[in-house]
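Notes follow once the structure below has been shown.
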């Protein structure tokens, strides 16, 4: 748009006005663009400042988190060390705690085999019950300590459930008879893979609990096969478990409350839960208050042809009368108690010694039929060393048993390598007799 000299004045004014409007519009656009860029610059500056503030806050949070992680690591290490110290203490103390208890039970067993008047018989029965309660509690505490240990090692083997059932039937028949209950074990040939010691403890706790909480009827133990699994099932006709109580009964010191309730500390099912979790044996429960309960433990079946391990004490063997047993025990009371049980109760010839050198002298040129050695001997010697020395001197693998209050996994492994079973303290005369019969078969 250009001005011409010959344009009339009105036309010239119109053109000038339009030119002015265009220039004003361009100036406005220019101002707007300048304002937008300024705003963007100001926003960028503010954003940068916000980022710096947030970065400093994040760095402080990370520093605080690192400090908390260090504190948690220290606390965790302290807790783990405290747990290891507790385990070491229990292992060390278990021998000193169970040694006199084991000796007392053997003395009491020998006393009960003598002529007693009714009052004396009642007192010995009450003492036996008291010792059983102490033994049960100590075994429970030691089992929980072992299962809570991160270093526990299981000895997984094929286990003959039929042999386990026979052993449990003998063990719990008196308890059921005292309450006039039927205790039945369904015959089975099933073999499963598990740790024989802990599987027996699982079954013992479940059967014992079933009897304790059953007043009428009975308890049935059996096996139900499902595919590649076998379910160990314990049925009872007891008081049952209400729905609100079904979760807490697996916690420590939890018992179903009732007037004149069953004796115990409420640790049995806690041990069952821990052992099943560690071994990978799922556990289930069904119950109806007033009608009874069934506990089920799922176990992996062993393929046919697997060599089964018979539970300790299972089976019957020959008579022991006249057989020679060489005892290696450094504790005077325990040595005397074993001598009385072997000689007076089992009719065996008992030779006793306090250490390896004395045992070698006692053996002479005639090896005994069996060696019974405490694991912890004087001067740092062990029962396994005593057995090894006696076998070497005899020139043959004399059958042997290690008696110990230790429950360390390395002990079980070492005994297994030498083919020596372990009998845990406190020693029950019935277990000792059954093991001797099985070994000398």
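Just a few scattered comments:
- Taking 0.36 nm per residue of sequence separation and removing the Cα-Cα distance, the residue 416/residue 11 pair yields an extension gain of 133.6 nm.
- The value obtained for region 334-407, namely the Cα convex hull volume divided by the number of residues, is 93 Å³ per residue.
- Compactness relative to 2.2 N^0.38 Å, alpha carbon Rg of region 157-300: 0.99
- Reported to the nearest whole Å, the Cα centre-to-centre distance from region 184-256 to region 387-428 is 31.
- Theoretical FRET efficiency, 1/(1+(r/R0)^6), r = Cβ-Cβ of residue 107 and residue 361, R0 45 Å, to 0.05: 0.95
- Shape summary of region 382-441, radius of gyration then Dmax from alpha carbon positions: 11.7, 32 Å.
- Cβ-derived FRET efficiency at R0 25 Å, residue 294 paired with residue 216, nearest 0.05: 0.90
- Relative contact order (percent, whole number), region 157-300, Cα cutoff 8 Å, 6+ residue spacing: 24 percent
FYI, it's all coordinate maths here, none of it is from the lab. In this text, all values refer to a predicted model and were calculated from it rather than measured experimentally. All Cβ positions, glycine included, derive from the backbone under ideal geometry; neighbour counts span all protein chains shown.
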